[in-house]
Structure formats: C-alpha cells, structure tokens
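Q: Below: one structure in structure tokens.
No lab work stands behind these numbers, since they all come straight from the coordinates. Bear in mind that the values here come from a model prediction, so they are computed numbers and not experimental data. In this analysis, Cβ positions are derived from the backbone assuming ideal geometry, glycine residues included, and neighbour counts consider all displayed protein chains.
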Amino acid sequence: MSDNRFLRTEMLLGREGMQKLKDASVMIVGLGAVGGYALEAVARAGVGRLILVDFDVFDESNINRQILALGSTVGRKKTAVAKERVLDINPGCDVETVDMFVNADTLPDLLERRADYVIDAIDALNPKCSLMEELYNRGIPFVSSMGAALKSDPSCIRCAPLSSSKNCGLAKFIRKRLRKRGVNISSITSVFSDEQVNLPETAIQMFETAGQEGRCRNTMGSLPTITAIFGLTLANYVIKRLSGYGIKE
C-alpha cells in the first residue's frame, strides 16, 4: 500500500497518533444512513481493524441518504458491501463482518469481539438501549447517535453527554430507560440535534408502546446532509479519542 494513502492524516495527527489508529479496533453497529458515513470516515482515517455489524440488506428507499446504497447494491447485505468499500479504501484493514440483529440475547456473542471503541448507529429503540446498557456495564468506550430524522439545521448538531440532549424524541426515551437501569447518562457521549421539530404523534406512540423484541421504528423524513453530519461527527470523536489528538485529560 502506498505510504501516501494516509499522509494528510499523519501530517495532522503525527506519526504516533497515526500508529495508534492503525493499532486500534472499532466496532460500528448499524450501517445505515448514520453508520455508513461513520464507517467511511474511520476507514479513511486508517483505523486498522473494523468490526461491522448489521443484519439488513439495501433497499431502494435507502439511496437518498445512505452512502453505501446504490442501484448496484440494492438487495445486497449491508455488511458485505461495507467490507468491499473499506478494503478498496484501505486494503490493509482487518475487516470482520457480523450479520446479526442486535438485542439482549445476541449481545453476549457480539461483545466477545475486542473493540477499543464502539460506534452505536442503531435506529431502533430497544436494541439501542440494550447495547448502550451492556457497553456501559462492561466499561467499553462508545459513542451513540440519537435521532437525525426531521432535522434540517446542521448548526444544531452537538457531540455532548446524553444528559444534555434536548429536543430529540429518541434521546428522551433513551434517557428515561437507561436511568431506570442504573446507567449514568452523564457519562455517555452522544451526537444529537437540539433543533426544535414537531415529533409526529405516531412516533411518540411508537416509543411509549415499544416492546422488548423486534424493530421499534417509525418511518420519518430525513436529509442526506444531516445524517451524514451525524455519522461524521461520531467518527471524528472516535478518531480523536483513539489518536489522542487534541485530547486534554
């Protein structure tokens, strides 16, 4: 592989920071609108090992906002398409794919895999809460995406403790659930938008009546710009934490 592939990144992070990324392992759970862009950034940053988790295939309706969704990838597994793209970016990356629906039952098997950081880009309430709780209890560093749907103002996107999130229906219900489970939400870093939007009544009902199994989601409009910024913000946080760049302990 050409030494120029990550030259610009190394010029900013330094040789030591670049080596830390090459030695690091990142797990991305959810390879959709947000997770796909997070993957793009960590792959291009030169992270040496990636664990890619999703159970779904691409649908034509994904094309408006998902970087991995193309006419040529419709009907294909998200994990397979993601792995191909990563290896085209960085042939030296060690990529493991996990075709799995994440829930309380499958988490023990998933988290047997070592990861220095986990990016949570799940868009379903119950699996998301289960993943966040388990990562917290195991002391595994992670950052979670909140809801990007219905948002349109990029200046309102924040990377901050979950406890400070506002104007996000998904974050509201996650905070409530995790507090009940004894999770310190102030210690969880999240990406959210505090833009004020009107959450549809159907979405509110979906959150309030969600059971413990299956995909809990409500289809809402979203822009490719906002979901991309969410994913890139997640990746930026992880890249800086792993490399140590600009981090003051």
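Q: Would you please name the residue that is nearest to L135 (Cα to Cα), looking only at residues in segment 82-107 that are of a type outside the set (V, I, T) and without any contact (Cβ under 8 Å) to a residue 12 or more places away in the chain?
A: Ranking the candidates gives D105 first.
Q: Count, please, the residues in segment 67-99 that happen to be farther than 23 Å from R113 by Cβ and either touching a Ser or Thr at 6+ places or on another chain (Cβ under 6 Å) or of a type in the set (A, V, I, L, M, F, W, C) (or both).
A: Count: 4.
Q: Is it the case that S164 is buried (at least 19 other Cβ atoms within 10 Å of the Cβ) and of a type in the set (S, T, Y)?
A: In short, no.
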